[in-house]
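The values are calculated or read from the model by the stated rules, or taken from the named source; none is laboratory data. On a predicted model such as this, the values are computed, not experimentally measured, just so you know. Cβ atoms come from the backbone with ideal geometry, glycine included; neighbour counts cover every protein chain shown. Side chains are part of the model used for accessible areas, which takes the heavy atoms of the whole protein and leaves out ligands, DNA and RNA. Shrake-Rupley method; radii C 1.70, N 1.55, O 1.52, S 1.80 Å.
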There are 2 protein chains.
Amino acid sequence: MAGGVKITLIGAGSAMFAAGIVRDLCVTEGLHGSHVTLMDVDEQRLNMTHRMATRLSDELDAGMSFSKTTDRVEALRGADFVINAAQVGGHDWTEYQRELAEKHGYYRGAKLHYFGQAAFFLDVARDIERTCPDAWLIQTANPVFEGCTLMTRATNVKVIGLCHGHYGYLEIAEVLGLDPKHVTAKMPGFNHWIWMTEFKYKGQDAYPLIKEWVRTKSFNYWDHDDRPFNANQMRAAAIHQYGLYGLMPIGDTPRLGGWWYHTDLETKLDWYGPTGGFDSEIGWGQYLERMSQRAEAVERAALDESKPISDTFEPTHSREQIVPIIDSIVNDNAATYQVNIPNKGPIIQGFPENLVVECEAVIDGSGVSGIEVPPLPPKLMAGAMIPRWREAEQMIEAIRLGDPDLLLLFLLEDHRTQNLDQAETLIREWLADPRNKSMADIFRD
Amino acid sequence: MAGGVKITLIGAGSAMFAAGIVRDLCVTEGLHGSHVTLMDVDEQRLNMTHRMATRLSDELDAGMSFSKTTDRVEALRGADFVINAAQVGGHDWTEYQRELAEKHGYYRGAKLHYFGQAAFFLDVARDIERTCPDAWLIQTANPVFEGCTLMTRATNVKVIGLCHGHYGYLEIAEVLGLDPKHVTAKMPGFNHWIWMTEFKYKGQDAYPLIKEWVRTKSFNYWDHDDRPFNANQMRAAAIHQYGLYGLMPIGDTPRLGGWWYHTDLETKLDWYGPTGGFDSEIGWGQYLERMSQRAEAVERAALDESKPISDTFEPTHSREQIVPIIDSIVNDNAATYQVNIPNKGPIIQGFPENLVVECEAVIDGSGVSGIEVPPLPPKLMAGAMIPRWREAEQMIEAIRLGDPDLLLLFLLEDHRTQNLDQAETLIREWLADPRNKSMADIFRD
């Protein structure tokens, strides 16, 4: 493939996301000359991304070419790699679904938008199966866990799910005052539900340093918390989860732990500091605001031809694993990554092979080889992993089977559901929305 | 073993239970001459059972001998079979634990008494391991699912869990007006969570007859419901579960289905008929009353030497599987039973081998051979089986690991829990009760 790799970006209307990929491609010599197809349903944003990407490649002399299209099948034709970062209907539709759920008693939503997302992923995977069956699909949009499992159960597409969450261990190191160069960690699990099974500083177990920090410094840290909404690694919720489950939750895991941290804003403020964390109305508002500001900055830079666009996107490697993984496959550069792949082997004992798990894997020209994880502690299995599997399985199978009963059961298992009628009414209103036709088609009784 | 089999009954203070076993032994020629050791902590009740059993065997010329003891280890010495039917602390302690939970917002209890029961089963199994390691343990007291799994994970004892629930399919046949002689059914799962995967009348699939009944007769049946509290097979809850999960729930399964049928008495009356079912304050009250009346009748009969005790316990085979299973093992009489045994094979795909499942098994002189179950429908797996596994796993591992966090998580997953404090307070009060020392010892932080 080398030299002539074709990469398709689904959801390329997010200029920030596209810019990150293009920049990483520009600093990866082995992928110079690649062709990138940008696909989005929003033509205006697509044009902007296209201009930005072209300028960046030209400035950095990466010899890449770009095309753009609003037609998904067209975009997939001949692709070697497909990156799916799309959010169906954008933030507005997600927020609308959250508000609908809130109206029915589900504070901060009931994850309904994940059903639409996962079903959309499956549509993309089916298009890949028909159009470019040998392509690798790199899935970055959420829900990675449920979406990747659904796609690998229902198609033969080679899927790799990616996330940034595992870098959370570096935040722990930072708070503990450890030099990150000497810190290593393992954190397997399910995406957004990963647990630090190993934490070493200069080769020695560093968990005692966390325990010591909890004992001597945590209260002062929590009392003087001015960290941003997404700094969750050492907040009270994460430390409480560490106690309950026996291992530190990493990345998005502390955000998503137990319903009892999330019953209302007051409770969230207790557990997640002054913003109430990523998923409070305050934290999430700040996140959306930040996303919007960044997108505007990218757009301004793309349109401003008075100065190089590489001033905005400095040509250094990001922490993003996407392009390095493509490089590993295309140029047989073996390296280890944190990925979401089917549990073949199994990689994590106790779960079926057709479930996607998050683990380390060696990736090279021959593909992806998951690294077997030592058995997870029984406390973590019973307390955290099996319950999370239960939840995922209901979402995955509801969509795969098109089964409205499983959709209902998913909501009935939600701790906020007080009676059958509450769940049934929410589902009825949700499926009646014209924007939700894809779900109505799937779940029509 | 034949002729000289030694059978130990733990919880023999229940004369009704003991009488059932002794009567079945009396009509099973291959087990005549057996010795039965009756064990209970209540000496007065034990004396009564002993007198009743001796009279019954003598009248029926079964040549059996009996001993009695309040010492468990003494009772186990030399046993070939141990039958554990004991309820720790009797109904009073169970009811007290229910009331405690109700005080904290858990209507009709939070299953706390099952923790004490399962831990007690493990104590018995450990005694067996030390005292009579080759004995078969037949577990009839609840929780069979969690208790048997716990015992088989933590000891090497050969455990068979038994229940009557699977006969529920006969109630379906009766309501449909089918001759039970021509009805066959399969209903694998977990104990008290079994599902009718096959239902045949004269060799033909009879599920359509259920559908037809639901369509044409169910409403009239529900409107004119005067069946007893424990007739749950065709009530609205069972039929609703059939819709939700795709298969008919059998035996105790419809009782224990979804929290949404059980939020309050009014809701229970809607779903379970005029008593609100087995587990409402009305139904359970009738159950306790019936148990107490039957026990009194047995006691009266045992004490009344003016007429044969075999008038009260007619010498016919009960439907109870206990004695036939002993006969199959002792006399190599191969037969098929519905049992609860470890999921070796696996018998039910998708669950670990160290989980006890309910299935059919052939039992003969060589032991118990579980019959592999065809893969359960994915809808049932995602909707019913995995969620129930989650719940069981937390109870089992909480006790096995002595882990108070898993006990807390078990309660946090309970749909009635509104916040951390509610669950923690209930646990604190429960563990502080002097009658609950065994639990306090296990869960001491």
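Overview of results
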read-out	value
Size of electric dipole in the protein assembly as shown: Cβ of Lys, Arg +1 and of Asp, Glu -1, about Cα centre, debye, nearest 20	580
Extension gain (nm, one decimal) between B:SER65 and B:HIS91, 0.36 nm per residue minus Cα-Cα	6.4 nm
Cβ-placed point charges (K, R +1; D, E -1), dipole of chain B about Cα centre in debye, nearest 20	620
Nearest-0.05 FRET efficiency for A:ASP42 and A:GLU289, computed from C-beta distance (R0 25 Å)	0.80
Reach of A:LYS307 by Cα under 27 Å, taken over lysines that are not fewer than 8 positions away in the same chain	A:LYS68
Alpha carbon centroid spacing (whole Å) that separates the range B:148-168 from the range B:283-312	28
Filter on B:LYS111/B:LYS268; A:LYS379/B:LYS158; B:LYS211/B:LYS379 - keep pairs with C-alpha separation over 20 Å	A:LYS379/B:LYS158
Label-point separation, B:HIS182 to A:ASN220 (7 Å along Cα→Cβ), nm	8.3
Other-chain or far-sequence residues with amide H under 5 Å of B:LYS68's (modelled H)	B:LEU38
MRE, 222 nm, helices only [DSSP H, n ≥ 4, -39500 (n - 2.57), over the protein assembly as shown, to nearest 500]	-14000 deg cm²/dmol
Innermost chain B residue relative to the axis carrying B onto A, by Cβ distance in angstrom	B:ARG390, 2
Set of lysines with alpha-carbon distance to B:LYS186 below 16 Å, sequence-local pairs under 8 removed	B:LYS200, B:LYS202
Rounded accessible area per residue of chain B, 1.4 Å, Å²	40
Among B:ALA334, B:ALA118, B:ALA12, residue whose mean-square fluctuation peaks in a GNM of chain B (springs only between Cα atoms under 10 Å)	B:ALA334
Cα-based reach from A:LYS217 at 20 Å (exclusive), listing aspartates and glutamates while leaving out same-chain residues under 8 positions away	A:GLU171, A:GLU174, A:ASP179, A:ASP205, A:ASP225, A:ASP226, A:ASP270
Hz values of 3J(HN,Hα) by residue in the range A:417-432 - Karplus curve (6.51, -1.76, 1.60), Gly and Pro given as x	5, 9, 6, 4, 4, 4, 5, 5, 5, 4, 4, 4, 5, 5, 6, 7
Among A:MET234, A:GLN293, A:TRP195 the positive-end extreme of the charge dipole of the range A:178-294 (Cβ point charges)	A:TRP195
